[in-house]
Every structure is written in structure tokens, then in C-alpha cells.
Amino acid sequence: QCVLSGSWRSDSGCRMVVSVLGKDGRFSGSYLPGPVANNPEILTSPLEGFQQDAGLVQQPTFSFTVRWRHQAQMTAFLGQCYVGADGDETLHALWLLREAADSPTEDWKATR
């Protein structure tokens with residue numbers, strides 16, 4: 001059964017730690033991007049999200065946002081937790097990164 005609490009690492013080396021998982025599916029924790037994990041100037045950023053009730057669905061969906069410290073950016077993740085035949089849990093997610101735009105004419109390049 002997929003439960004998000006704990007530590008997760010992506011294929012690119014990003015690290016997500018879910019430290020609080022409430023009974024209502026709400027969770028919080030921290031996120032550190034992988035390519036800069038060894039850079040002391042990059043701080044771990046807070047995350048908050050929701051997981052579908054793992055008691056109702058064996059492979060629940062989830063979403064969370066990361067508020068980047070010292071940057072005018074936020075990232076939203078949306079995905080699903082899968083349990084393999086061997087019992088291993090893996091997360092599959094899509095993400096959008098939004099930077100602050102200086103004006104509406106610059107809006108087109110603010111989301112990746």
C-alpha cells in the first residue's frame with residue numbers, strides 16, 4: 001500500500017521528504033533539487049500537498065507544491081503512487097514550474 005511518508009529520490013537525484021502525513025491525506029515536508037544537492041547555497045524548500053485515501057485506493061494519486069526559498073518560483077507536482085509485484089513503491093509525476101513574470105506580455109515564458 002502506498003503511503004507517501006518518508007524519503008523519496010527521483011531518477012535525477014531530487015529528494016523529497018514527507019515528514020507529516022495527516023489522516024485526511026494532507027502532507028508536508030521538504031524538497032531539494034538533485035543537480036544542486038551538493039551546492040550549500042541552495043536551500044531545502046518546503047512542500048505541501050494531498051494524497052488520495054490509501055485505504056480506499058491501493059495506488060493513490062497525489063499532488064503537492066514546492067515554494068522555492070529565495071526565488072520567485074513555485075512548482076506543482078501531480079502524480080500517482082504505484083506498488084510493484086515485488087512490493088516496491090514508485091511515484092510517477094508531472095510537474096509545472098512557474099516563475100514570476102514582470103508583465104502580462106512576459107506571461108508566455110513564465111511556465112515550464
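The values are calculated or read from the model by the stated rules, or taken from the named source; none is laboratory data. Because the structure is predicted, anything quoted here is derived from the model rather than measured. Don't worry about glycine lacking a Cβ; one is built from the backbone with ideal geometry, like all the others, and counts go over all protein chains shown. Heavy atoms of the whole protein, side chains included, go into the accessibility calculation; ligands, DNA and RNA do not. Shrake-Rupley method; radii C 1.70, N 1.55, O 1.52, S 1.80 Å.
Inside the stretch 68-106, residues that are on the phi < 0 side of the Ramachandran plot, open to solvent by less than 70 Å² (accessible area, probe 1.4 Å) and not hydrophobic (A, V, I, L, M, F, W, C) make up a count of 10.
Taken together, the residues in the stretch 56-110 that are within 19 Å of S28 (Cβ to Cβ) and either in a helix (DSSP H, G or I) or basic (K, R) (or both) amount to 2. If you go through the stretch 20-63 and pick out every residue that is farther than 22 Å from G87 by Cα, open to solvent by 60 Å² or more (accessible area, probe 1.4 Å) and modelled with pLDDT of 85 or more, you end up with 5.
Among the residues of the stretch 80-102, none is identified as of a type in the set (K, R) and within 14 Å of Q59 (Cα to Cα).
The single condition from (1) surrounded by 12 or more Cβ atoms within 10 Å (Cβ to Cβ); (2) part of a strand (DSSP E or B) that L4 fails is (2). Among the residues of the stretch 68-83, those that are without any contact (Cβ under 8 Å) to a residue 40 or more places away in the chain and under 18 Å from S7 (Cα atoms) comprise F77, L78, G79, Q80.
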